[in-house]
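The values are calculated or read from the model by the stated rules, or taken from the named source; none is laboratory data. Note that the structure is predicted; figures quoted are calculated from it, not measured. Note: ideal-geometry Cβ built from the backbone for every residue, glycine included; neighbour counts use all protein chains shown.
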Amino acid sequence: MTTLTAVSYSETDIERLTDHAGRVGLIVDDGGKLDVAGRRVNRLCKGALKRALDARVEAGLKEGDSLTLAYPAGMAAEAIDVVCLTRGASEIAARHAGAVLGQKRGTADLLLAVGSARRAGFVVQGAVLRDYGFNDHKTSPAKEPGAIEVMANDAPKLETETAPLLAVADGTFMTRDLVNEPANILTTTEFADRLAEMSALGLKVEVLEEAELEQLGMRTLLAVGQGSASPSKVVVMQWNGGADGDAPLALVGKGVVFDTGGISLKPAGGMEDMTMDMGGAGTVAGVMRALALRKAKANVVGLVGLVENMPSGTAIRPGDVVKSMKGDTVEILNTDAEGRLVLCDVMWYAQERFEPAGMIDLATLTGAIIIGLGHENAGVFSNDDVLCNAFLKAAGAEAEGAWRMPLGQAYDDMLKSPIADMKNIGGRPAGSITAAQYLQRFVKDGVPWIHLDIAGVASLKSATKLAPKGATGWGVRALDRLVSDMFEKG
């Protein structure tokens, strides 16, 4: 878990600004006003900071603007970084301001002075989130990130306020690590092992192996993985922080550790990106970690179906008919529409075993959602306005793009099969919607449900405000906030 050292604005601590050898981060408003620490820095560098700020204010200093003074005279610091945060700043703006400072610091130690700045905890969370890097497989030892020390008017209060935010950052990092990991390392077994390790945090973790999945009737899930040497698994993670007997929220994740498309083989170009096809399961894992670390007062169960979709002599074929755990039969017309086959069995199992108060599934499910929404928003499909609107509100508060998409009988009719209860694809038109319609067939009456198609947001080719290129950890913050808003008590 990311740790934070907070110190107060005492005279002794203020003096440390003189000798700090890393970078110093300061927060100012759009008028360029300096607090105690800023005034101390300005005196040390003989007014250079104030002169630079005055010039920026005259030019029009806006929220999120930053400036850097490298190797300031009179200080040991390698640089002073200043970012503007207005008096009425939102949580989002505060997090982005912190991310600016986190990105600038590189591997240097950061002494971040927040004083009594509103939203100071979110400034710290932003600095931590943007400081992420994935260097596990580089032969040249990567420089370790430096420490973050925060100066505040009330250091104990800041530590208390920041602890749950850092827990969410830690869960986000787990998701990013899983999504960034190559498939020869993150096999189904390795994935399950990493989730089992979270039992040390208080999660109850179970790993269901193929023999048990066969007994349960999870034939659509097993069909996807039958062409691979890696065994298919389902991992169940329970966090029981709420009242005994309260029905849990169920989070279900698609965990295809690598997706070749199977017999319906994908084109070679870009197939290397299919290491991220377990992004839904990665997000579920990250949320469960965050909830455990911050001791959430809610009952939540996370279930992930872990498979590898490979072509071989034992792989499923286009035209095969397979029976689901629910008992419905599925005509598999395209083996590359495999995620829904994994999810439908795990969703049914989640409802049969846990009778959840609500269910949310996450999957890098369709390329069609990227055509529709690009990389700015995940697709949101739901049968329940209350749960859906609560999620959209949480996603908006966390600046994690999400857009509700339609469902309807006409789309469902596109899944009719002449030889089975349904097909696993509905054709090219409305591909993300027919995929959601397929999943809705496995939602029991009366169960509030959301399907999140995260194919466009789980991993990106360019950096964002809070993450470098690669895995984003999208959804961990939004789902954690949804749990806090809607399911926690006390």
Here is a list of conditions, (1) farther than 21 Å from A296 by Cβ; (2) aliphatic (A, V, I, L, M); (3) within 25 Å of the chain's Cα centre (by Cα), and L216 meets all of them except one; can you say which number that is? (3)
T160 vs. criteria more than 28 Å from D421 (Cβ to Cβ), in contact (Cβ under 8 Å) with a residue 24 or more places away in the chain and among the hydroxyl-bearing types (S, T, Y): no
With region 1-86 as the region, which helices (runs of 4 or more DSSP H) entirely inside it contain at least 2 residues that are at pLDDT 95 or above and within 30 Å of the chain's Cα centre (by Cα)? none
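So that you can scan it fast, the table gives a plain yes or no per residue for (1) crowded, with 20+ Cβ neighbours inside 10 Å; (2) among the acidic types (D, E); (3) under 20 Å from E149 (Cα atoms):
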| residue | (1), (2), (3) |
| --- | --- |
| G25 | yes, no, yes |
| D29 | no, yes, no |
| R39 | no, no, yes |
| D54 | no, yes, no |
| T68 | no, no, yes |
| I80 | yes, no, yes |
| H96 | yes, no, yes |
Pairs where the first residue, in region 344-362, is over 9 Å from A250 (Cβ atoms) and the second is part of a helix (DSSP H, G or I) and of a type outside the set (S, T, N, Q), C-beta under 7 Å, 6+ apart: C344/L439; D345/L221; V346/L221; Y349/L216; L362/G280; L362/V284
I'd like the full set of residues that are crowded, with 24+ Cβ neighbours inside 10 Å and in a loop (DSSP other than H, G, I, E, B), limited to region 459-473. L466, T472, G473
Look at V301 and say whether it is buried (at least 21 other Cβ atoms within 10 Å of the Cβ) and part of a strand (DSSP E or B). yes
